[in-house]
Amino acid sequence: MLLALGLELATTGYSQPPGHAPALRQWKSAAGTVVEAELISQNDETVELLIKGQNMARNIPIAQLSEADQKYLAIRWFDAQDLRQFELVKDHLRTVAERPQTVSRLLIEIHNEVKESPYAGLWAAVTLSCGSNEHSRAAVVLEDTLRRIEKQQAADPSRHRMTFCSANNNLAVCLIKGRKGDSAATRMVRAIESVERMPPIVQSNAELLHELTTNTDSFITFSPSTRQRLMRTVALSDNAGSGTKMEAGWHYSLDFDVPSKSDAKIKIDGVDAPRPDLQLLATGTGFVAAPGIVLTARPVVETTNYHGPKLITVIVDPASSSRRSELVRDLLISSTRSVAVSSSVGSGFGSGSVVWTHYSYVRPKNGQMGAEIAALRVPNLKLAPVEVALDDPAKQAPIQILGFSRGQSALQRGLQTQTGEVLQSRSVRGSFSALGASGSGVTLETSARVMGGNRGGPVLDAENHVVGIAYDTPVSGSDAKGLFFGSGEFRRWFYENVQTASLTDPEPSHTAAQRLSTVENSSVAVYCWGLKQKSTSQLFSEIADNSRDAGGLYLRDNWCVACDGRGFLDCPVRTCNKGVVAGRETVVKGVNPLTGRPIRAQQVTQERCTTCNGKGGRICPHCKNGKI
Ligand SMILES: [Zn+2]
Ligand SMILES: [Zn+2]
């Protein structure tokens, strides 16, 4: 049934209702000036605002805004970073049980890549300490994770309270494994005080620490005052887990605050998902280069955070109320990566097979060059192709880039123009080259900006010939320049890879106005859709089924603290080295013939240690091979 629906969409297209008014908000500068503007994008330093009545968005340093606006943007930024890191982390957690070492390495990479969010650090530390007993390294990661949460809580104290509790509890466990009972107790107190009700995991860990250190021969340092403070905090706190019986041992908490999706998700007014199981992953611009073929930029259709099947749609006549979506059947992309994305998925989603966009990867011949251009086959697209210039534009030639902006009302605003000039051309290698095979690609730099939404947009010269395709921006910030491939370059890519169609050469009898009209009609918005992600409970069921209890997610540590997971306790005799005790003794070497006194000398001796019987220690009596 879904297959039939997909085919129907492909042949008739479907119209979208016109959108609502742009999402305007009042913004105040530090100096007190107030404007109404739509937020287009932001990073940690600048915000891109489209002020009401203007048609060009502006980059404004966040530091120039009022304190309230700065806080608003900080929270929004943290939301986006949390969501981004969470999406990156989720897939790896599924396989954490099978390959903990690989997963912990990947989680550390994500922790370093997305620097504001605590999820990867929380889980990486558990994987390190629980999986491979690297508790010292885990403690360092957790301290960094806690600093991140404190930074987020400075903007909003309600953020990550559960994550904060878990990270403190887990740091306490790592410190105990390093035999630092006092520091561990301080972390436990902080964990208990950060949430309203004490989680049973923290209570269990606190009581175990108390119990183990009561023995006089405890190997964990623990001062009486710290013990008193910890036990008083436990006694005074609201007990959430009364009646919950925990297995003996140290427990890591995996509980966390789910990222807020309110403001961070991409949502474009007036465009609904083609199917309810899909969500928008990326947007960009494309233009009709040949009958039924649209060119766009690779990052629009090859998302980094998502590797499932994708559905690409192009939005025709986006600014008008008669806008409609067309499905992209096939997609040609030149890349070293060849993620096989099936054109149909048999089961699991609906009753029948579901239509996806089929990705054909052209492998670069030398095995390492990628491309920044993708060709989309849209059989139902009845739009006239643009006229493509035969050569690249000259240096300093004025150019303009057409494309859609981002933000909720991106489509209603219609095509936006970024003007500039050609700054320089340079030979590039690697993934910047459109000519994947030859490796002699030339990219052009322009003062016109490429800002996410206009990636894949056509670059026009003064006579409105298409002289290039915009694909990326080399640096962020207000002085950003754009990168594009000149028409000579993408002509070569096109003829090398798309053998079924031809580009349209410039027609001298056409006027510049006629050409602009063709380009505007042939420019489409490109939308990349992917499957909605699994829910958190589904996700964790696979790794935590065995230890799920009372709503909390936790893992038990199996490593022996007494021997630090080695299964062997060293001999307590300090001079004993692998069962051998070195000593010195004085021996008589002979007699002095003049004095008749004996000649004595010091001599190093090596004797078998009597304490360990020459074994250097003993098998740890508390564990089996380092594990409890
Ligand atoms: Zn042991
Ligand atoms: Zn010994």
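The values are calculated or read from the model by the stated rules, or taken from the named source; none is laboratory data. Note that this is a predicted model, so its numbers are computed, not measured. Neighbour counts are summed over all protein chains in view; Cβ atoms, including those assigned to glycine, are modelled from backbone coordinates with ideal geometry. These accessible areas exclude ligands, DNA and RNA; they are computed on the full protein's heavy atoms, side chains included. Shrake-Rupley method; radii C 1.70, N 1.55, O 1.52, S 1.80 Å.
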When every protein chain stays in place and a 1.4 Å probe is rolled, Glu193, Glu520, Glu326 sorted by accessible area with the largest first are Glu193, Glu520, Glu326
Going residue by residue through region 281-298, the Karplus relation 6.51 cos²θ - 1.76 cosθ + 1.60 with θ = phi - 60° gives ³J(HN,Hα) values, rounded to whole Hz and with x marking Gly or Pro, of 9, 7, 10, x, 10, x, 9, 6, 9, 7, x, x, 10, 10, 9, 9, 8, 4
Which of Lys71/Lys481; Lys90/Lys310; Lys71/Lys310; Lys151/Lys177; Lys578/Lys627 exceed 25 Å between C-alpha atoms? The answer is Lys71/Lys481; Lys71/Lys310; Lys151/Lys177
With every protein chain in place, the accessible area of Phe490 for a 1.4 Å probe, in Å² rounded to the nearest 10, comes to 0 Å²
Expected unfolding gain across Ser223-Val587 under the 0.36 nm per residue rule, minus the alpha-carbon gap, is 126.2 nm
Taking 589-602, 60-73 and ranking on average Cβ neighbours within 10 Å, highest first, one gets 60-73, 589-602
Surrounding charge for Ala37, neighbours by C-beta under 12 angstrom, Lys/Arg +1, Asp/Glu -1, total 0
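Out of the total accessible area of region 568-619 (probe 1.4 Å, heavy atoms of protein only), what percent is carbon and sulfur?
50 percent
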Two pseudo-spin positions, 7 Å from Cα along C-beta at Lys578 and at Gln424, lie apart in nanometres by 6.1 nm
Rounded to the nearest 10 Å², the accessible area of Asp505 using a 1.4 Å probe with every protein chain kept is 80 Å²
Heavy-atom accessible area per residue of region 133-239, all protein chains kept, 1.4 Å probe, expressed in Å², is 45 Å²
Along region 182-195, Karplus-curve 3J(HN,Hα) (6.51, -1.76, 1.60; θ = phi - 60°) to the nearest Hz, with x for Gly and Pro, reads 5, 4, 4, 5, 4, 5, 5, 4, 5, 4, 5, 6, 7, 10
Once Ser183, Ser253 are ranked on solvent-accessible area with the largest value leading and a 1.4 Å probe, the list reads Ser183, Ser253
Taking 114-125, 220-231 and ranking on average Cβ neighbours within 10 Å, highest first, one gets 114-125, 220-231
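Under a 1.4 Å probe, what is the accessible area of region 568-619 per residue, stated in Å²?
On a per-residue basis, 84 Å².
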For the pair Ala248 and Lys115, the simple spin-label estimate (label points 7 Å beyond Cα toward Cβ) gives in nm 4.7 nm
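Given Cβ point charges of +1 (Lys, Arg) and -1 (Asp, Glu) and nothing else, what value in debye, to the nearest 20, does the dipole of region 271-324 about its Cα centre take?
Computed about the Cα centre, the dipole is about 60 debye.
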One finds the C-alpha centres of region 191-214 and region 477-517 to be spaced, in Å, by 66 Å
Distance in nm between Glu67 and Lys90 label points, each 7 Å along Cα→Cβ, equals 3.7 nm
Ranking Lys180, Lys395 from most to least accessible area with a 1.4 Å probe gives Lys395, Lys180
Under a 1.4 Å probe, counting only protein heavy atoms, Val301 has an accessible area in Å², nearest 10, of 0 Å²
